[in-house]
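Taking it in order: structure first as structure tokens, then the write-up.
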Amino acid sequence: MTGWTQADIPPQHGRLAVVTGATGGIGYETVFALARAGAEVVLASRNDRKGADALQRIRAAHPGASVSFERLDLGSLRSVAACAERLRAAGRGIDVLVNNAGIMALPHRQETEDGFERQFATNYLGHFALTARLLPLLRGRKARVVNVSSLASWQGAIGRDGMPAGGGYAPMRAYGHSKLAMLVFALELQRRSDAGGWGLLGIAAHPGWARTDIIANGPAGDGRVRGLWRVAELLAPVLGQSASAGARPILFAATAPDAAGGGYYGPSGMFLSGPPAPTRLPPQARDAATAASLWDASQRLTGVVFGDGA
Ligand SMILES: NC(=O)c1ccc[n+]([C@@H]2O[C@H](COP(=O)([O-])OP(=O)(O)OC[C@H]3O[C@@H](n4cnc5c(N)ncnc54)[C@H](OP(=O)(O)O)[C@@H]3O)[C@@H](O)[C@H]2O)c1
């Protein structure tokens, strides 16, 4: 896999990919590359205007591209259910589901309409519910479910009750909890697929450090860039990689024959960049007891149970 790039994506004709948070950043680069490789791609995002603009840009670059937009707000379990229902009504099996959408380090604690801390809800719980609801379309076809995580997962902790641990709200720690949950979820999905014969792959990936809107949409979301985020913004053009390069580990997990169920892939080079390779998991991501309690808590909180056809 040395030097793996978008040029190494195998032909994707006849395959359907659904990518969340696909109107910008890493999600956009992911759908752009999948569409270029011939996949039919659904951009599942919350902003209709940005969705229309993304579709137009992809079609302009690849006139034969088969791309469409589905409205999805991962911070709303109602929106997740409605999006999944539309995809299920369409009835097409899904070959690749990229759980990419994310927000980072909101300066102040916010809650979603369902009453959950917004980063945990958007980055993790919404994706858990979406994947569970789409299971009938993913089963039995070696579909790849790719959960986008982050090195910030090393800052996260899941308690015995399956809930984020560690006291009051801290912006980056809350992000870390959500990204650790995405890792635990990917690995547990693989275990449960193996045990239950679901016939799918749970894989995780992280983009390293990529220049996207994630700081503008998160820590600077109230118009002010504070402390270390200002330093990060200044260094990003020098040390951060492009969004396209950041998408490589995600595309590797989604398409490469070498990517394995239960694997975790990230940039292999210096400064959180470079070609994709297997990467280290935080210890808690491998812990089976944590996975069981997170799974139970997630089913209880979302009201969605894997495998019951919800
Ligand atoms: N950039 C990095 O260095 C980096 C590092 C580690 C991990 N990541 C992860 O990579 C993923 C993509 O981030 P990015 O860097 O590309 O950031 P980005 O440029 O801010 O893009 C995030 C995407 O997620 C969407 N999104 C946010 N909230 C949503 C919601 N409630 N429902 C549906 N979509 C929503 C955004 O849509 P709107 O445009 O409508 O807001 C946007 O399309 C995230 O999971 C992030 O945690 C990024």
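The values are calculated or read from the model by the stated rules, or taken from the named source; none is laboratory data. As the structure is a prediction and not an experimental result, all values here were calculated from the model. Cβ coordinates were reconstructed from backbone atoms using ideal geometry, including for glycine residues, and neighbour counts include every protein chain displayed.
A few remarks follow.
- Where a residue in the stretch 13-31 is at pLDDT 95 or above and its partner, wherever it lies, is of a type in the set (G, A, S) and more than 9 Å from the ligand (Cβ to nearest atom), with Cβ under 6 Å and at least six apart: H13/G38; R15/A39; A17/A39; E29/S244
- For first residues located in the stretch 182-194 and more than 8 Å from A291 (Cα to Cα), partners that are within 13 Å of the ligand (Cβ to nearest atom) and lie 6+ apart or on another chain with Cβ distances below 6 Å form the pairs M182/Y124; M182/N147; M182/S149; L183/S149; L183/S153; L183/A204; A186/N147; A186/A204.
- When P63, P136 are checked against the criterion of being farther than 18 Å from A181 by Cβ, touching a residue at least 60 places away in the same chain (Cβ under 8 Å) and either away from the ligand (no atom under 15 Å from the Cβ) or buried (at least 19 other Cβ atoms within 10 Å of the Cβ) (or both), P136 stands alone in meeting it.
- Positions within the stretch 72-107 being part of a loop (DSSP other than H, G, I, E, B) and hydrophobic (A, V, I, L, M, F, W, C), in sequence order: L72, L74, I94, A101, I103, M104, A105, L106
- Residue match in the stretch 8-26 (condition: more than 22 Å from L189 (Cβ to Cβ), of a type in the set (V, I, T) and in a loop (DSSP other than H, G, I, E, B)): yes
- Test: residue in the stretch 176-195 that is at pLDDT 95 or above, outside any helix (DSSP H, G or I), over 19 Å from the mean Cα position of the chain (by Cα) and more than 16 Å from the ligand (Cβ to nearest atom): no
- Cβ pairs under 7 Å, 6+ apart, first in the stretch 287-308 and without any contact (Cβ under 8 Å) to a residue 60 or more places away in the chain, second loosely packed, with under 12 Cβ neighbours inside 10 Å and charged (D, E, K, R): none
- Checking the stated criteria, E233 turns out not to satisfy the condition of being more than 9 Å from the ligand (Cβ to nearest atom) and either buried (at least 18 other Cβ atoms within 10 Å of the Cβ) or polar (S, T, N, Q) (or both).
- Test: A165 is surrounded by fewer than 24 Cβ atoms within 10 Å (Cβ to Cβ) and within 28 Å of P278 (Cα to Cα): yes
- Lone unmet requirement of (1) away from the ligand (no atom under 15 Å from the Cβ); (2) in contact with a Cys (Cβ under 6 Å, 6 or more places away or on another chain) for R88: (2)
- Just one of the numbered conditions (1) surrounded by fewer than 19 Cβ atoms within 10 Å (Cβ to Cβ); (2) over 24 Å from Q190 (Cβ atoms) is not true of R88: (2).
- Of the helices (runs of 4 or more DSSP H) contained entirely in the stretch 213-308, those carrying at least 3 residues that are under 22 Å from V98 (Cα atoms) and modelled with pLDDT under 95 fall at 214-217.
- Failed item, numbered, when F69 is tested on (1) assigned to a helix (DSSP H, G or I); (2) closer than 20 Å to A129 by Cα: (1)
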